[in-house]
Amino acid sequence: MVDEATTLRFQRRPKAVSGDMRIGWRLSILLLMIFYSRGRKASLAKLHMLNDAMRVNRSREHLDKLISANQEFYSWSIRVEPAFARALDFLVSEGFADWGVANDRTTIKLTETGISAAKALSDSLEVFVKEKEYLRVVAKKLTEQLVVSVLSASKVRV
């Protein structure tokens, strides 16, 4: 039984949520990762590597060293993140990208709608300034051949 003299109050409190946990951030970065990749498509493995580099500074440093050939392939440990996989599925279900296969590897390619959305993000001078600067260079330099080399080196290490 509730006492009539008792009053319950609920007050919203702000909670900080990191960018990588926000769907708007994650989808936008994902669009840019694919947009700046060759042919506006990328393998699933490449996207996982770029995603890791976008979220963790240490991974970004490793990727920079791998691309400049200053680090052994076996030094990379690819993290698979469930939230990233859900974002990929959302990207496809909303018509921004399509799944495919190229060279026996799962790929994702931007649709016309995806290219249009990514171009708007890319052209904006106010959003994702540092991220776009980084991805413009790294997404093209991280070739599928380099991704395969990293994955092959990881298999040997196991």
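The values are calculated or read from the model by the stated rules, or taken from the named source; none is laboratory data. Computed from a predicted structure; not experimentally measured. Heads up, the Cβs are rebuilt from the backbone with ideal geometry, glycines too, and the neighbour counts pull from every protein chain shown. Surface accessibility is based on the protein's heavy atoms, side chains included, excluding ligands, DNA and RNA. Shrake-Rupley method; radii C 1.70, N 1.55, O 1.52, S 1.80 Å.
Listed values, structure above:
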| item | result |
| --- | --- |
| THR113 vs. criteria exposed (fewer than 15 other Cβ atoms within 10 Å of the Cβ) and polar (S, T, N, Q) | yes |
| Any chance SER122 is surrounded by 12 or more Cβ atoms within 10 Å (Cβ to Cβ), small (Gly, Ala, Ser) and under 18 Å from the mean Cα position of the chain (by Cα) | yes |
| Selection status of VAL137, hydrophobic (A, V, I, L, M, F, W, C), within 16 Å of ARG60 (Cα to Cα) and without any contact (Cβ under 8 Å) to a residue 24 or more places away in the chain | yes |
| Answer from PHE96, PHE84 - the residue that is closer than 16 Å to MET33 by Cα, open to solvent by 40 Å² or more (accessible area, probe 1.4 Å) and aromatic (Phe, Trp, Tyr) | PHE96 |
| In region 28-83, residue farthest from GLU133 (Cα to Cα) [restricted to those that are of a type in the set (Gly, Ala, Ser) and assigned to a strand (DSSP E or B)] | SER43 |
| Residue in region 45-55 that is on the phi < 0 side of the Ramachandran plot and touching a Gly at 6+ places or on another chain (Cβ under 9 Å) present | yes |
| Pair list, Cβ < 7 Å and 6+ apart or interchain, from region 45-63 residues that are open to solvent by less than 20 Å² (accessible area, probe 1.4 Å) to residues that are assigned to a helix (DSSP H, G or I) and among the polar types (S, T, N, Q) | ASP52/SER59; ALA53/SER59 |
| Tabulated pairs, region 8-21, first part of a loop (DSSP other than H, G, I, E, B), second open to solvent by less than 100 Å² (accessible area, probe 1.4 Å) and modelled with pLDDT of 70 or more, C-beta under 9 angstrom, 6+ apart or interchain | SER18/TRP25; SER18/ARG55 |
| Test: ALA139 is modelled with pLDDT of 95 or more and either assigned to a loop (DSSP other than H, G, I, E, B) or small (Gly, Ala, Ser) (or both) | yes |
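Quick grid of which residues meet (1) among the hydrophobic types (A, V, I, L, M, F, W, C); (2) within 14 Å of LEU30 (Cα to Cα); (3) modelled with pLDDT of 95 or more:
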| site | (1), (2), (3) |
| --- | --- |
| GLU72 | no, no, no |
| VAL92 | yes, yes, yes |
| GLU112 | no, no, yes |
| LEU121 | yes, yes, yes |
| GLN145 | no, no, no |
| LEU151 | yes, no, no |
| LYS155 | no, no, no |
